[in-house]
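First up is the structure itself, then whatever we jot down about it.
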Amino acid sequence: MLNPGDTFTKHYTIHPGHTVRDIFPEAGEFADMPDVFTTGCLVALMEWSCIEQLSPHLDSGQISLGIAMNMTHDGPCTTGTELDIHCEVTAASARRASWNVEVRTSRGGVLMGTAAHTRAIVDRATFSSTVDRQVATIGGQHLEHP
């Protein structure tokens, strides 16, 4: 089980495809923006880091789902920038885990973003069934079940 105060650090280098111009190729408005790391990818990178810290503590059949993110994107960076993502658990229970996350450049320690993030811990099969039942009402596709 995770405990408040537990920390985890992930290192990541920004790859092509993770810039503003790439996020929605069909959106011309994004094509006119500077070719910098997207806020959407920063959110995903923060989530991924928390998932990596949490996953070894999940029971068989469990997954975690992001349910809250309060974040800032404090600075721009480009493809090739190396980042350090530091996660600290602020709360943990059988059903939820929360973190404070900070992302800095590996070179120079420039702040790229911060977040408070919470993930729910759920049974994969139950979640998939719930989503599949909603398809008839809201549309979309059924989930593939592993």
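Points worth noting:
- Square roots of five times the Cα gyration tensor eigenvalues for the range 1-47, Å: 30, 11, 7
- This model, with +1 at the C-beta of Lys and Arg and -1 at the C-beta of Asp and Glu, gives the chain a dipole about its Cα centre of some 360 debye.
- 3J(HN,Hα) along the range 95-103: 10, 8, 9, 10, 9, 9, 10, 9, 10 Hz, from the Karplus curve 6.51 cos²θ - 1.76 cosθ + 1.60 with θ = phi - 60°, whole Hz, x for Gly and Pro.
- A prolate overall shape is assigned to the range 46-122, the ratio a/c of its alpha-carbon gyration tensor axes (a ≥ b ≥ c) being 1.5 or greater and a/b exceeding b/c.
- GNM result for the chain, Cα springs below 10 Å: residue of Gln53, Gln134, Gln62 fluctuating most strongly: Gln134
- Counting charges near Glu52 (Lys, Arg +1; Asp, Glu -1) among other residues having Cβ under 15 Å from its Cβ returns a value of -2.
- Base-10 log of normalised Debye intensity for the range 100-146 (one unit scatterer per alpha-carbon) at q = 0.26, 0.30 Å⁻¹: -0.93, -1.06
- Long-range HN-HN contacts of Val36 with modeled amide H, under 5 Å: Val20, Arg21
- For the pair Ala91 and Thr130, label points projected 7 Å from Cα toward Cβ lie 1.8 nm apart.
- For His11, net neighbour charge (Lys/Arg +1, Asp/Glu -1) across residues whose Cβ lies under 15 Å away: -1
- Tail beyond 16 Å, pair distance distribution of the range 81-122 (Cα, percent): 44 percent
- Amide H contacts of Arg96 (H built 1.01 Å from N, under 5 Å, at least 5 apart or other chain): Ile121
- Relative contact order (percent, whole number), the range 21-146, Cα cutoff 8 Å, 6+ residue spacing: 23 percent
- Cα centroid of the range 89-103 to Cα centroid of the range 19-39, whole Å: 30 Å
- Cα gyration tensor, the chain - rounded (a/c under 1.5), prolate or oblate: oblate
- Under DSSP loop assignment and at most 13 Cβ neighbours within 10 Å, longest trypsin sites (Lys or Arg not before Pro)-free interval of the chain: 1-94
- Dipole of the chain, positive direction: furthest Cα of Ser49, Thr130, Met71, with charges on the beta-carbon: Thr130
Every number in this text was worked out from the coordinates using simple rules, so none of it is lab data. The shown structure was predicted, so the numbers you read here are calculated from the model rather than taken from an experiment. Positions of Cβ are generated from backbone atoms using ideal geometry, with glycine treated the same way; all protein chains shown enter the neighbour counts.
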